[in-house]
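Participant: Input: one structure, supplied below.
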Amino acid sequence: MFERSRRVVRITRIVLKYHLISSLLGFYRSFSKGGMLIEPICAPSEGWEVEGERLRLALTELGPTFIKLGQLLSQRPDIVPPPIIAELQKLQSGVAPLPFEEISRSVTFPCECISETGEKYSTCKRLEDVFEEIKKEPLASGSIAQIYRAKLNGHEVAVKVLKPGIERVIDADLKLLSLLLPIGAKLLRVKGFNPDVLVDELSIMLKNEIDMRLEALHIERFLRNFEDWDNIVIPRVYWEYTNNRVIVMDFIKGSTVSSRPPLEEEQARYYANLITKAFLKMVYIDGFFHADPHSGNIVLLGDGKIALLDFGAVGRLREEVKLDALEVFYAFYQGDVSKALKGFMRLVGVTEKDLDVDAFYADLDELIEKFQAGRFEKGQGDNLARLALKYGLPTPRAFVVLERAILLVEGVCNDLYRYFDIRETIAEQFSVYELLRAEIKRGAKRLTDASVKLIRNLPDIVDRYVEDRPPLIPGANKQYSHSKAPYVIAAFIASIGLLFSLGTWLNVFKVQELSVVYVPIAALVLAAVITIIATLK
């Protein structure tokens, strides 16, 4: 209780120090009319940088939980206006490191040893005892962990270590936030802001990030997804030295995009295209993508390869969301408002009855026009989420994360090559050929589901023929059913041909993972047809 009271006093002191209440009240109330807050899409993109900076500095001083809260809010353009988002995005790095000795004392590695008498006993080793060499100056320092360069069995490795006591601090702060955020929401009257949902989301995010084993699993998945890409490097995890507080992985030598030396124009263009293609693969083929692809997390290796770093934050897309998001973003780059509208309505699950289609179309047209002209200002590119908020549409969380990640990738590539146009890469990657592949996959999944359902129901169909049970279609008699049997059989045989044909086309379009399914399905259907023929009288 005493600890919580002391923490509340500290939070209050920092809030007053940076004038947060007056700043944020002034910001949000300035966009109010008659007590109702205008949607953030209407907020100006300049003139409030000072307020954003104050909020960033306050969150940094408040510690890791609040830094993560700021990072989470920087991904919420539906409730946070552009000038504040631009400042909150600076929270991604630059946290003051803790001394190495403090970090080392907090981490031990279990080790089984043998005494001089031959007896086994367990002991614990500290960081400096496990590695042949470890540099005490961290490579990077975040709000939750620090990264060190070390040598293990002759290999250079990166060692990511949680900061001591971080779990206790996070747990206490989350309890406080669950009390304080609802009060803040009432004061600011931010439309669309649900503090309970935000605290739950923050809690899940933090609990995932303080378990190093989860990040190691993310790395393993990216390794599998890119095993056929020679020009994409993912660090290898040393599992025998990895636990919930420490992850040991390959050290990547190279320059990050943010710290690179000058590049030749052709080389810069090549890297920009490679980064974009790799990200598009993550999103639209794997459905599992790096959610924080900023310039400090992408390394240029100098031999035509790139490496990715920091796999704590990832995004996942269901197949339906993946294909609908593809259609929406592709329509944006094509400038096709109608296609973007249809795709977005399908994505959020609304119909024309739920939406003023004409008004939404007009706003979407203006949004796409700005996008086509490249006039999005820094921190303002997530306007689609704000547009959805304006019309009360439920935007999937995964889509918001994806939208932000795409803008980060575009920013990195524009920084690399000033003439880079992501539309060209997307057009190259998702031509009619690629869209046809996506549509075939969507249709094939429906056909597979229908085939499985048919196979499940075939025993009942056969029983009805053999046992003279009531027909499946009310009002139909047995004679009618038998007279139609040849047509039913012909339809089944035709479906077999369709399945084999589809399998062939899937191979042509390089979707082999689906084509291999269709031979056994077709065989099962054929067996069912033969059974029906044999049992018909």
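The values are calculated or read from the model by the stated rules, or taken from the named source; none is laboratory data. None of the values given here were measured: they were computed from a predicted structure. In this analysis, Cβ positions are derived from the backbone assuming ideal geometry, glycine residues included, and neighbour counts consider all displayed protein chains.
Participant: Right, Ile170: under 22 Å from Leu139 (Cα atoms) and either of a type outside the set (Asp, Glu) or in contact with a Leu (Cβ under 6 Å, 6 or more places away or on another chain) (or both) or not?
Facilitator: For Ile170, the condition - under 22 Å from Leu139 (Cα atoms) and either of a type outside the set (Asp, Glu) or in contact with a Leu (Cβ under 6 Å, 6 or more places away or on another chain) (or both) - is not met.
Participant: Every residue in the range 244-272 that is farther than 23 Å from Asp303 by Cβ and either of a type in the set (D, E, K, R) or more than 24 Å from the chain's Cα centre (by Cα) (or both), please.
Facilitator: Residue satisfying the conditions is Arg245 alone.
Participant: Collect the residues in the range 397-441 that are at pLDDT 70 or above, surrounded by 18 or more Cβ atoms within 10 Å (Cβ to Cβ) and of a type in the set (Asp, Glu), keeping them in residue-number order.
Facilitator: Passing the criteria: Glu403, Glu410.
Participant: Please go through the range 258-285 and give me each residue that is buried (at least 17 other Cβ atoms within 10 Å of the Cβ), among the hydrophobic types (A, V, I, L, M, F, W, C) and out of contact with any Phe, Trp or Tyr (no Cβ under 8 Å at 6 or more places or on another chain), ordered by number.
Facilitator: Answer for the range 258-285, where residues must be buried (at least 17 other Cβ atoms within 10 Å of the Cβ), among the hydrophobic types (A, V, I, L, M, F, W, C) and out of contact with any Phe, Trp or Tyr (no Cβ under 8 Å at 6 or more places or on another chain): Leu274, Ile275.
Residues checked against (1) among the charged types (D, E, K, R); (2) in contact (Cβ under 8 Å) with a residue 60 or more places away in the chain; (3) loosely packed, with under 14 Cβ neighbours inside 10 Å:
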residue	(1), (2), (3)
Ile147	no, no, no
Pro164	no, yes, no
Arg168	yes, no, yes
Leu176	no, yes, no
Leu180	no, yes, no
Ile183	no, no, yes
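Participant: Right, next: Keeping to the range 54-89, report how many residues are in a loop (DSSP other than H, G, I, E, B) and acidic (Asp, Glu).
Facilitator: 1
Participant: Here is a list: Asp196, Asp230. Which entry is more than 17 Å from Ala145 (Cα to Cα) and part of a loop (DSSP other than H, G, I, E, B)?
Facilitator: Asp230
Participant: Take the range 336-370 and flag every residue that is farther than 15 Å from Leu389 by Cβ, crowded, with 18+ Cβ neighbours inside 10 Å and under 24 Å from the mean Cα position of the chain (by Cα).
Facilitator: Matches in the range 336-370: Ala340, Leu341, Gly343, Met345, Ile368.
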